[in-house]
Amino acid sequence: MRPASTVLPPPRQNRLLAMLPEAEFARLQPQLEPAPLPLGMAVYESGDQQGFVYFPTTAIVSLLYVMEDGSSAEIAIVGNEGVVGVALFMGGESTPSRAVVQSAGHAYRMRARVVKLEFDRGGELQHLLLRYTQALITQMAQTAVCNRHHAIEQQLCRWLLLSLDRLSTNELSMTQELIANMLGVRREGVTEAAGMLQAAGLIHYSRGRITVLDRPGLEALACECYAVVKRETDRLLAPPS
């Protein structure tokens, strides 16, 4: 028997897998391999052919675009609502972005060959993957708009809320330098924005750990981008009535 600390989260802790009909999930379950995702792990690199898709259960993965000078910006995050590796089943095989674990945890992965066969079957998994891809595109588009038009503190609120939605706790382990890399802004800007949120009693930040103290207050301060992404994700991934 495993110690309690190493018990794996069940596959259906992933929202997409949870929405599969019982018979289809039972058929696919043997193809799901447990995959620990440690902090900072590159799930895939820019231009690499992807060998697996990952269904996170407790981990969060950042999709990043890295510039030639080494600077980067996050274009989307994926947690227990989705899947990492959409290029594989959409026919592209690779993508210019890279996927890096932002919050350590677990996932289940499925081999490329199996995913392609299942997608081509045209069953419920295909429908779920296509709807999720639309939600991911919405998040990417809204992130681009947010980064162009909204203040850093609003971007930080959006990022914190999207991360919280994918975690079972109100705490995140993340340094200001890493947040700056995710948002594509200067660290000084993140320091100032985090200080403002802490002074307002919305978060507590200490030694690389952010605790959200007032989520409604955070939502009130965030721009409309967070609500747009959440509403569209919930609409597209709503369970059948």
- Query: Among all residue pairs at least 6 apart or on different chains, which show Cβ distances below 6 Å where the first residue, located in region 125-140, is in a helix (DSSP H, G or I) and the second is surrounded by 20 or more Cβ atoms within 10 Å (Cβ to Cβ) and among the aromatic types (F, W, Y)?
  - Reply: L129/F89
- Message: I'd like to check which strands (runs of 3 or more DSSP E) are fully inside region 1-102 and have at least 3 residues that are surrounded by 15 or more Cβ atoms within 10 Å (Cβ to Cβ).
- Response: 52-56, 60-66, 72-78
- L17 fails exactly one of (1) over 21 Å from T169 (Cα atoms); (2) touching an Asp or Glu at 6+ places or on another chain (Cβ under 7 Å), namely (2)
- Note on the structure: Taking region 103-113 and the residues there that are in contact with a Leu (Cβ under 9 Å, 6 or more places away or on another chain) and outside any helix (DSSP H, G or I), the one that is farthest from A35 (Cα to Cα) would be S103
- What about L236, is it surrounded by fewer than 18 Cβ atoms within 10 Å (Cβ to Cβ), over 15 Å from the mean Cα position of the chain (by Cα) and under 25 Å from Q13 (Cα atoms)? yes
- Going through (1) closer than 23 Å to E118 by Cα; (2) without any contact (Cβ under 8 Å) to a residue 12 or more places away in the chain one by one, M67 fails only at (1)
- Is one or more of the residues making up region 109-119 farther than 17 Å from E219 by Cα, surrounded by 21 or more Cβ atoms within 10 Å (Cβ to Cβ) and within 18 Å of the chain's Cα centre (by Cα)? yes
- Note on the structure: Going through region 203-234 in order, the residues found to be touching a residue at least 40 places away in the same chain (Cβ under 8 Å) and not hydrophobic (A, V, I, L, M, F, W, C) are T211, R215, E219, Y226, K230, E232, T233
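Here, each number is a calculation from the coordinates, and none is a lab measurement. All values derive from a computational prediction rather than experimental measurement. All Cβ positions, glycine included, derive from the backbone under ideal geometry; neighbour counts span all protein chains shown.
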